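Reviewing the structure listed below.
The values are calculated or read from the model by the stated rules, or taken from the named source; none is laboratory data. None of these values were measured; they are calculated from a predicted model. In this analysis, Cβ positions are derived from the backbone assuming ideal geometry, glycine residues included, and neighbour counts consider all displayed protein chains. Just so you know, the surface numbers come from the protein's heavy atoms only, side chains and all, with ligands and any DNA or RNA stripped out. Shrake-Rupley method; radii C 1.70, N 1.55, O 1.52, S 1.80 Å.
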Amino acid sequence: MDLTPMLIGGDWRSAVGTGRTENVTSPYDGAVLGTVPVAGKDDVEAALSAAEAGAGRWRSTPAHARMKILLRAAELADQRASDIAKIISAEAGKTITEASGEASRSGEIIRLAAFEGTQLYGDTLPLDANRGTGLEKVGFTLRQPCGVVVAISPFNYPALLVLHKLAPALAAGNAVVLKPARTTPLTALALAACFVDAGLPEGVLSVLTGPGGELGDLLVSDPRVRKISFTGSTAIGERITRMAGVKKLSLELGASCPVIIMPDADLELASSAVAAGGYVNAGQVCISVQRVIAHPAVSGDFLDALVPKVEAIRLGDPSSPATGMGTLITTGEAERVRQSIAAAAAGGARVLTGGERDGSMVSPTVVADVDPSSPFAQDELFGPAVAVSTAEDWESAVRQANGTAYGLAAGIFTSDVAGAVRAMREIDAGSIHINWTPLWRADLMPYGGLKGSGIGKEGPRWAVEEMTELKTVILHGRPW
Ligand code: NAP
């Protein structure tokens with residue numbers, strides 16, 4: 001298999017120091033899809049020093065010129081969307097239908113970010129409102145890029161989550177060193193090619209392939225890096241927080257997202273939404289429905305409506321348009337999920353459907369009577385299973401919804417406006433969906449969790465803000 005080189009500065013190349021390579025394989029059938037370099041210490045150094053030089057060059061490029069390059073990259077991403085979709089589907093085991101949906105959002109994310117990069121407005125400060133200060137002083141704020149941004153992304157949305165970092169960072173005038181997930185580097189390299197082919201200056205973007213366990217500490221602890229944008233597990237996020245030192249951090253981490261079903265809910269709507277929201281991308285979505293908290297008066301009817309819909313999800317070859325759910329990212333992950341379901345059953349929960357593994361696939365699963373304090377509810381599952389428990393009243397439903405270490409997103413199904421308002425006030429989550437599940441995202445909206453789910457927001461407007469620094473300028477005139 002030919003080597004797909006990584007990007008360092010402006011060069012597509014192999015690993016300098018080590019010369020090591022590794023294969024990228026299909027989680028569906030183990031086929032070798034490509035070969036990428038395994039970056040080492042020397043490559044990290046080369047990427048960071050290229051980024052330092054690139055950051056200087058890019059920062060002095062006017063916003064309108066940066067926007068022009070990004071808009072060209074967006075056009076290329078649109079033109080290449082169907083090829084990128086095939087790469088996503090092959091290396092992530094995601095159905096081609098979902099992969100096409102993901103790839104088709106690329107151009108729009110870049111365009112949204114390109115626009116936000118031209119909107120770096122500041123404020124005028126009313127300094128004369130400060131006691132003792134007259135009208136002779138003028139104060140205002142200026143935004144500037146952070147400099148070198150390290151972006152580290154997970155496997156589950158290998159295009160979307162790469163672009164939600166790259167596009168705003170570049171639009172705001174930063175240089176970026178990207179370390180994509182080891183299982184899905186080919187998508188990241190294909191996207192990087194859109195920016196390079198659009199005319200991004202040398203040094204402004206590097207993509208290092210290889211293991212995060214070896215490269216991560218070197219990247220995040222380097223003093224040349226001013227900003228780290230990480231999406232992945234809470235455990236790695238915590239490690240990065242310890243290693244980073246004084247840097248700006250955006251962390252999009254794990255979750256165990258709840259959905260509350262009130263007695264006045266539309267159960268047909270709720271069951272259809274959960275049958276999608278718990279199983280998209282085989283449940284490997286940070287905003288996947290992991291927990292359903294149903295009122296006992298409707299729990300049975302909800303399950304009766306949910307189970308046949310889940311049983312109708314067709315497992316199979318991710319590249320076939322007829323497939324409704326693909327694989328987990330590795331067979332090891334599939335086995336971990338199977339064991340979690342089996343442990344929940346051993347603890348007294350009832351598996352109503354699913355729970356079986358075949359290679360890297362796990363059948364879509366519904367588990368009822370789940371103890372809300374059990375690991376099956378508390379720990380992030382990241383697999384195709386929904387845990388259903390009951391709550392007698394509002395207080396205990398909200399207590400359960402808020403009762404994990406996470407706070408990424410939540411949903412509630414109710415026909416009562418007062419209940420909906422109370423939910424948006426009392427549920428501690430970064431997004432609250434009324435009459436839908438947490439599994440919904442518009443690329444322009446602020447997106448990010450509370451508690452153990454992270455720090456900061458993505459979404460182009462907010463990411464551009466987080467990828468810039470605010471300076472205060474004061475002009476000291478003379479009293480007249
Ligand atoms: P992961 O294992 O934490 O890996 C994420 C990234 O971190 C990968 O690129 C990984 O590289 C890298 N990494 C590994 N060790 C590192 C280290 N010591 N220092 C720095 N980086 C390191 O997560 P994943 O399994 O890919 O993704 C699943 C997780 O992402 C779930 O917890 C999910 O909830 C979370 N997620 C959160 C959001 C959100 O918006 N909140 C969105 C999507 C996913 P390697 O691949 O080479 O190990």
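Mind listing whichever residues of region 349-360 are touching a strand residue (DSSP E or B) at 6+ places or on another chain (Cβ under 9 Å) and open to solvent by 30 Å² or more (accessible area, probe 1.4 Å)? Steps first, please.
Just the residues of region 349-360 that are touching a strand residue (DSSP E or B) at 6+ places or on another chain (Cβ under 9 Å), to begin with: 349-356, 358.
Across region 349-360, the qualifying residues are Arg350, Val351, Leu352, Glu356, Asp358.
Starting from residues that are of a type in the set (D, E, K, R) and outside any loop (DSSP other than H, G, I, E, B), keep the ones in region 122-150 and report whichever is surrounded by the fewest Cβ atoms within 10 Å (Cβ to Cβ).
Of all residues in region 122-150, those of a type in the set (D, E, K, R) come to 123, 128, 131, 136-137, 143.
Imposing the further condition that a residue be outside any loop (DSSP other than H, G, I, E, B) reduces the set to 128, 137, 143.
Working: Asp128: 14, Lys137: 16, Arg143: 17.
For region 122-150, the residue satisfying everything is Asp128.
Filter region 400-434 down to residues that are closer than 25 Å to Ser373 by Cα and in a loop (DSSP other than H, G, I, E, B), then give me how many there are.
Final tally of qualifying residues: 9.
Considering only region 281-302, state which residues are open to solvent by 10 Å² or more (accessible area, probe 1.4 Å), away from the ligand (no atom under 13 Å from the Cβ) and under 20 Å from Ser374 (Cα atoms).
Arg291, His295, Pro296, Ser299
Quick one: what pairs do we get from region 233-245, first residue more than 22 Å from Ile287 (Cα to Cα), second open to solvent by 60 Å² or more (accessible area, probe 1.4 Å) and not small (Gly, Ala, Ser), C-beta under 9 Å, 6+ apart or different chains?
Here the result reads Thr241/Ile455; Gly245/Pro223, each pair linking region 233-245 to a residue that is open to solvent by 60 Å² or more (accessible area, probe 1.4 Å) and not small (Gly, Ala, Ser).
Give me the residue from region 229-249 that is within 9 Å of the ligand (Cβ to nearest atom) and either among the polar types (S, T, N, Q) or not assigned by TED's automatic domain parsing to the domain that holds Phe155 (or both) and, out of that set, surrounded by the most Cβ atoms within 10 Å (Cβ to Cβ). Full working, then the answer.
Restricting attention to region 229-249, the residues satisfying the condition of being within 9 Å of the ligand (Cβ to nearest atom) are 230-237, 239-240, 243.
Those still in the list that are either among the polar types (S, T, N, Q) or not assigned by TED's automatic domain parsing to the domain that holds Phe155 (or both) too: 231, 233-234.
Working: Thr231: 26, Ser233: 15, Thr234: 19.
If we take residues in region 229-249 being within 9 Å of the ligand (Cβ to nearest atom) and either among the polar types (S, T, N, Q) or not assigned by TED's automatic domain parsing to the domain that holds Phe155 (or both), then Thr231 is surrounded by the most Cβ atoms within 10 Å (Cβ to Cβ).
Yes or no: region 448-457 includes at least one residue that is basic (Lys, Arg), open to solvent by 80 Å² or more (accessible area, probe 1.4 Å) and farther than 22 Å from Gly407 by Cβ. So that I can check it myself, show each step before the final result.
Step one: of region 448-457, the residues basic (Lys, Arg) are 451, 457.
Within this subset, residues satisfying the condition of being open to solvent by 80 Å² or more (accessible area, probe 1.4 Å) are 451.
Next, only the ones that are farther than 22 Å from Gly407 by Cβ stay: none.
No: zero hits.
Considering each residue of region 207-228, count those that are outside any loop (DSSP other than H, G, I, E, B) and more than 11 Å from the ligand (Cβ to nearest atom), and give that number. Write out each step before concluding.
First pass over region 207-228, keeping only residues outside any loop (DSSP other than H, G, I, E, B): 207, 212-221, 225-228.
Next, from what is left, pick out any that are more than 11 Å from the ligand (Cβ to nearest atom): 207, 225-227.
Of the residues in that region, 4 qualify.
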